[in-house]
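Please treat every number below as a calculation from the coordinates, not as lab data. Since the structure is predicted, the reported quantities are computational estimates derived from the model, not experimental observations. Because the Cβ atoms are built from the backbone with ideal geometry, glycine has one as well, and the counts that use them run over all protein chains shown.
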Amino acid sequence: MDFQQVFGKSPETQASAPGRVNLLGEHTDYNDGFVLPTTIPQSTTVQLGLSSDRQHHFYSENFNEQVSILDINHTPSGFASYIFGCIEVLQKAGYTIPSLCVYVKSSVPMGSGLSSSAALEVATLRGLRQLLNLPIDDVEIAQFAQQAEIHYAGVQCGIMDQMASSLADTEHILFLDTRTLERRVMPLPEKAEILVIDSGVPRTLASSGYNQRRAECEEAARSLGVKALRDITDAEVIEKLPEPLRRRARHVVTENNRVLEVLQGVTSERFGELMNASHASLRDDYEVSVPALDTLVELLQKTPGVFGARLTGAGFGGACVALVAADEAKSIATHILEQYKQAGYTGQILVPSWELSDAT
Ligand code: GLA
């Protein structure tokens, strides 16, 4: 079903936005810290037209589902909540949004920690900007998208995903200071490419565990008398915190330092070591890994040609990212999937996306 078949007319405009993979700087964004995401080739496309009956109508090709908004005081669930959230945050900012027909299709893997929700939000906001000629820039798009996620999808997220989807590209890494929104576009590490493998384990507990970690970090910052954990650079200071706050804070402080080291310029080998250290910290101090992710990361880390590997995104399941030698991605990916299968799991190569069809 295309837009025409669903809504009986042609769309007036369309816009796309990519998913993202975070290379380093995990669970730092809501601590005002530093992140290093890049985008993935998969994206979400949104087509828009005006609705003739004073109601919003949203259709998802992926779910083959249509949702009509009969009562704007009732937030819809699922994919429609993100679109509805974007419309609502714009209205609250003073823009008048007419009733719309919205058609969505996406190649961004869902539930893998690659920000399919940010891609949908940014694509929707880009589409609305085009359709209505709204005077909003790419940073504002990311900020509106984050508000939609927090208030309408219920995840107390930071701003990394939406900034990456709105401002990054697949050829570069985006260094972002999430407090000041200062950013720097950096080249990908030399002679390396990015491999993303889904663990096959869905991200259960992702939103409750995520909100809980965030609350723990806020409590740690309060106890230390700082605005956010980003303000702690001396790891000694956190020693006086009770557990588990001490471990949570140690992850954030060391993770920020790892990102800042990359900013100084590092080799692919060093970048990989920092990714490995990040995974250990997410597993032991932040406790957001699961056995399948640890297994996958261990297999990757001991494979020749892999500079480093770690879980990516919020954790609790989802995908791992590895930095691998450029010309070896395909053979490494095939080898890893085989070994992962022997360990009792079924993985899937998500990036490079050419692996989707021929690696398994
Ligand atoms: C999710 C959130 C981001 C970030 C990551 C963890 O993707 O949406 O804001 O906190 O988890 O780094």
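Put in order of Cβ neighbour count within 10 Å, fewest first, the listed residues C86, C320 become C86, C320. Sparsely packed loop sites in region 131-206 (the GluC sites (Glu not before Pro) outside DSSP H, G, I, E and B with at most 13 other Cβ atoms within 10 Å) comprise E171, E182, E190.
Residue exposure proxy: L224, L23, L50, L300, ordered by other Cβ atoms within 10 angstrom of their Cβ from fewest to most, comes out as L50, L224, L23, L300. With Cα atoms as the point set, region 192-355 shows a radius of gyration and Dmax of 16.7, 50 Å. Other residues whose C-beta falls under 9 angstrom from the C-beta of V46 contribute a net charge of +2, scoring Lys and Arg +1 and Asp and Glu -1. The alpha-carbon of K330 sits under 29 angstrom from the alpha-carbons of these lysines, leaving out residues fewer than 8 places away in its chain: K105, K191, K302, K341. When all alpha carbon pairs of the chain are counted in 10 Å bins from zero, the resulting P(r) reads 6, 25, 32, 24, 12, 2, 0 %. Ranked for footprinting exposure by Cβ neighbours inside 10 Å, fewest first, R247, R222 give R222, R247.
In a DSSP loop and with at most 10 other Cβ atoms within 10 Å, the trypsin sites (Lys or Arg not before Pro) in region 283-358 are K302. With each label modelled as a point 7 angstrom along the Cα→C-beta vector, the H74-D53 pair spans 1.6 nm.
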